[in-house]
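Participant: Sending over a structure as structure tokens; questions will come in a sec.
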Amino acid sequence: MSNDKYESPLSARYASKEMQYIFSPDKKFRTWRRLWIALARTEQELGLPITDEQIAELEANKDDINYDVARAREKEVRHDVMSHVYAYGQQCPKAAGIIHLGATSCYVGDNTDIILMREALELTRRKVLNVIAHLADFAEQYKDLPTLGFTHFQPAQPTTVGKRATLWIQDFVSDLEDIDYVMDSLKLLGSKGTTGTQASFLELFDGDDDKVDKIDPMIAEKMGFKACYAVSGQTYSRKVDARVAAVLSGVAQSAHKFSNDIRLLQHLKEVEEPFEKSQIGSSAMAYKRNPMRSERIASLSRYVMTDYLNTAITSSVQWFERTLDDSANKRLSIPEGFLATDGILDLCINVSDGLKVYDKVITRHLMAELPFMATENIMMDEVKKYGGNRQALHEEIRTMSMEAGRRVKEEGLDNNLLELIEANPAFHVTGEELQASMDPSKYVGRSPRQVEKYLSECVRPLLEANKDSLGVEAEINV
């Protein structure tokens, strides 16, 4: 590790080795060579004078990249693709003349970008599934545990801890659906030539349109894709990059919402993210247990959400068949969007697998507010049993609730709403009946049932269908 030059924290601190390798120079240039072999094989199969010996020579050297030769050549010619064509040719003297035959730089550059994005989406998909799996177990475990619901971060009708977790799960399931859709729709550029007209290949094949029509499908099959885009300029449409980045933005949105909820719950001391035995929460305040992993999720998620804007703008400003103002931008926006998302998901896996629930704190908070929640049932029972006036009873409860709330907030005393109701002659309910109404499970509605149905009908079948993708271990570097 060098300490005298900038190093991206996405590599040094956040992203996994797997994701870093997908966007590494070695992966890129090996993919270039696979594409050159696919092109040469296709041209041979369609009748060009390319020999088996030449193909074998290319195959023999596809993974042995002479980087020193390529770097030295690029200093001379200022062109990365032609530098690697030259370097490959040095290793393959018999095949040197047919490497990159008829192609333009985007043949290797753009097709490689698509291939790498698909592999990166596959890794992203696996990690999203593992977040869903951990949260599903959490929801199952706590499906019956009542907790205060919040609207506007103000106490509201109770829900359960497990039901709240299903909201996080559903967001990530939505992301998984988007990933699957985009992955299934990805196509290769193919080999379209300098402005997308395939003029060079029409020349190579003496004007034989039928043979030129076969080039892209044959290349796609060799590279493991269903098809190539039907038309293009020199590049595939940069809208493809924007669609991919939008999926990453969606994952970041889900992760940010999840992490924010955990941060708020940790403030309430109801739920905590994992905290290691020797972990330091603050350099000054030794007692602190800061939600630093959830905070990091939020931090990286904001980066990914704004990173999408790069790809959207780049897509919108491409001129005619090709401009190069996309190149430097997409070298940053696509790899770093994936690296940051990878770091986010590793943190989500870690946090979701180690959440600590403090049920006694949750119950204490709930019971302090439950008298307010119970008033609607008390009012309805009074009307049903004794024929009271609903509007008049509502005003009585409103007045008493304001007084009980004032007592709690201004005097720091306990909530005495039940005592006020018992003493009010407008109501015929006893203290014992009021206390019996304080069972939190009576106020969570269908939360446990909703968790059971959602997990059994939607989530568990999804996880079973993808069971080979589960079991990812997330390594948190810092």
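The values are calculated or read from the model by the stated rules, or taken from the named source; none is laboratory data. Note that the structure is predicted; figures quoted are calculated from it, not measured. Cβ placement follows ideal geometry from the backbone for every residue including glycine, while neighbour counts extend to all protein chains displayed.
Participant: Taking region 105-143, which residues are more than 23 Å from the chain's Cα centre (by Cα) and either farther than 30 Å from A38 by Cβ or modelled with pLDDT under 95 (or both)?
Facilitator: Of all residues in region 105-143, those more than 23 Å from the chain's Cα centre (by Cα) come to 105-111, 141-143.
Hits for region 105-143 are Q141, Y142, K143.
Participant: Here's something else I'd like to know. Looking at G193, G207, G250, can you tell me which residue is out of contact with any strand residue (DSSP E or B) (no Cβ under 6 Å at 6 or more places or on another chain), touching a residue at least 60 places away in the same chain (Cβ under 8 Å), in a loop (DSSP other than H, G, I, E, B) and of a type outside the set (D, E, K, R)?
Facilitator: On the way: G207 fails: touching a residue at least 60 places away in the same chain (Cβ under 8 Å); G250 fails: in a loop (DSSP other than H, G, I, E, B).
That would be G193, the only listed residue that is out of contact with any strand residue (DSSP E or B) (no Cβ under 6 Å at 6 or more places or on another chain), touching a residue at least 60 places away in the same chain (Cβ under 8 Å), in a loop (DSSP other than H, G, I, E, B) and of a type outside the set (D, E, K, R).
Participant: Continuing with the same structure: Would you kindly identify the helices (runs of 4 or more DSSP H) lying entirely within region 372-478 that contain at least 3 residues that are over 30 Å from V351 (Cβ atoms)?
Facilitator: On the way: elements: 390-411, 417-423, 431-436, 447-454, 460-465.
Counting at least 3 such residues, we get 390-411, 417-423, 431-436.
Participant: Does region 88-106 contain any residue that is touching a residue at least 12 places away in the same chain (Cβ under 8 Å), surrounded by 18 or more Cβ atoms within 10 Å (Cβ to Cβ), touching a His at 6+ places or on another chain (Cβ under 7 Å) and not assigned by TED's automatic domain parsing to the domain that holds S254?
Facilitator: Looking for residues that are touching a residue at least 12 places away in the same chain (Cβ under 8 Å), surrounded by 18 or more Cβ atoms within 10 Å (Cβ to Cβ), touching a His at 6+ places or on another chain (Cβ under 7 Å) and not assigned by TED's automatic domain parsing to the domain that holds S254, one finds none in region 88-106, hence no.
Participant: With the structure loaded, tell me whether V408 is surrounded by fewer than 22 Cβ atoms within 10 Å (Cβ to Cβ), of a type in the set (V, I, T), closer than 30 Å to Q253 by Cβ and within 46 Å of the chain's Cα centre (by Cα) or whether it fails that test.
Facilitator: It is false that V408 is surrounded by fewer than 22 Cβ atoms within 10 Å (Cβ to Cβ), of a type in the set (V, I, T), closer than 30 Å to Q253 by Cβ and within 46 Å of the chain's Cα centre (by Cα).
Participant: Between K277, K330, which is modelled with pLDDT under 95 and surrounded by 15 or more Cβ atoms within 10 Å (Cβ to Cβ)?
Facilitator: Working: K277 fails: surrounded by 15 or more Cβ atoms within 10 Å (Cβ to Cβ).
Step by step, each of K277, K330 is checked, and only K330 is modelled with pLDDT under 95 and surrounded by 15 or more Cβ atoms within 10 Å (Cβ to Cβ).
Participant: Any chance you could count how many residues in region 38-49 are touching a residue at least 60 places away in the same chain (Cβ under 8 Å) and either assigned to a loop (DSSP other than H, G, I, E, B) or buried (at least 19 other Cβ atoms within 10 Å of the Cβ) (or both)?
Facilitator: Number of matching residues: 8.
Participant: Going through region 242-268 one residue at a time, which ones are within 30 Å of I219 (Cβ to Cβ), among the small types (G, A, S) and surrounded by 22 or more Cβ atoms within 10 Å (Cβ to Cβ)?
Facilitator: Hit for region 242-268 is A245, nothing else.
Participant: Only one of (1) buried (at least 16 other Cβ atoms within 10 Å of the Cβ); (2) assigned to a loop (DSSP other than H, G, I, E, B) is not met by E7, so which one is it?
Facilitator: (1)
Participant: Further, regarding this structure: What is the residue count in region 107-151 for residues that are buried (at least 22 other Cβ atoms within 10 Å of the Cβ) and of a type in the set (G, A, S)?
Facilitator: Here the count works out to 4.
Participant: Of everything in region 50-82, what is within 12 Å of I37 (Cα to Cα), over 39 Å from the mean Cα position of the chain (by Cα) and in a helix (DSSP H, G or I)? Give them in sequence order.
Facilitator: Within region 50-82, D52, Q54, I55, A56, E57 meet the criteria.
Participant: Among the residues of region 10-37, write down those that are modelled with pLDDT under 95 and either within 22 Å of C106 (Cβ to Cβ) or assigned to a loop (DSSP other than H, G, I, E, B) (or both).
Facilitator: Within region 10-37, none qualify.
To keep it simple, each residue is scored yes or no on (1) farther than 28 Å from I362 by Cα; (2) modelled with pLDDT of 95 or more.
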site	(1), (2)
L418	no, no
G431	no, no
S447	no, yes
Q450	no, yes
V459	no, yes
D468	yes, yes
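Participant: Of all the residues that make up region 225-244, how many are among the small types (G, A, S), in contact (Cβ under 8 Å) with a residue 60 or more places away in the chain and either in a loop (DSSP other than H, G, I, E, B) or outside the structural domain of Y308 (by TED's automatic domain parsing) (or both)? Talk me through it step by step, then tell me what you get.
Facilitator: To start, the set of residues in region 225-244 that are among the small types (G, A, S) comprises 227, 230, 232-233, 237, 242.
With the extra rule that they be in contact (Cβ under 8 Å) with a residue 60 or more places away in the chain, the set shrinks to 233, 237, 242.
Add one more test, that the residue is either in a loop (DSSP other than H, G, I, E, B) or outside the structural domain of Y308 (by TED's automatic domain parsing) (or both), and what stays is 233, 237.
Of the residues in that region, 2 qualify.
Residue-wise test of (1) surrounded by fewer than 13 Cβ atoms within 10 Å (Cβ to Cβ); (2) in the same structural domain as F172 (by TED's automatic domain parsing); (3) out of contact with any His (no Cβ under 9 Å at 6 or more places or on another chain); (4) without any contact (Cβ under 8 Å) to a residue 24 or more places away in the chain.
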site	(1), (2), (3), (4)
T311	no, yes, yes, no
L324	yes, yes, yes, yes
I334	no, yes, yes, no
L366	no, no, yes, no
P371	no, no, yes, no
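Participant: Next up: Within region 342-360, track down each residue that is assigned to a helix (DSSP H, G or I) and exposed (fewer than 15 other Cβ atoms within 10 Å of the Cβ).
Facilitator: Correct list: D359, K360.
Participant: Select, from K187, K239, the only residue that is closer than 16 Å to R322 by Cα and surrounded by fewer than 23 Cβ atoms within 10 Å (Cβ to Cβ).
Facilitator: K239
Participant: Further question on the same structure: Given the conditions (1) over 25 Å from the mean Cα position of the chain (by Cα); (2) surrounded by fewer than 24 Cβ atoms within 10 Å (Cβ to Cβ); (3) touching a residue at least 24 places away in the same chain (Cβ under 8 Å), report the number of the one that Q154 does not fulfil.
Facilitator: Answer for Q154: the failing condition is (3).
Participant: Looking only at region 420-478, which residues are under 20 Å from the mean Cα position of the chain (by Cα) and of a type in the set (A, V, I, L, M, F, W, C)?
Facilitator: Correct list: C458, V459, L462, L463, A465, L470, V472, A474, I476.
Participant: For the subset of region 424-469 comprising residues that are touching a Ser or Thr at 6+ places or on another chain (Cβ under 6 Å) and of a type in the set (S, T, Y), which member is surrounded by the fewest Cβ atoms within 10 Å (Cβ to Cβ)?
Facilitator: Ranking the candidates gives Y454 first.
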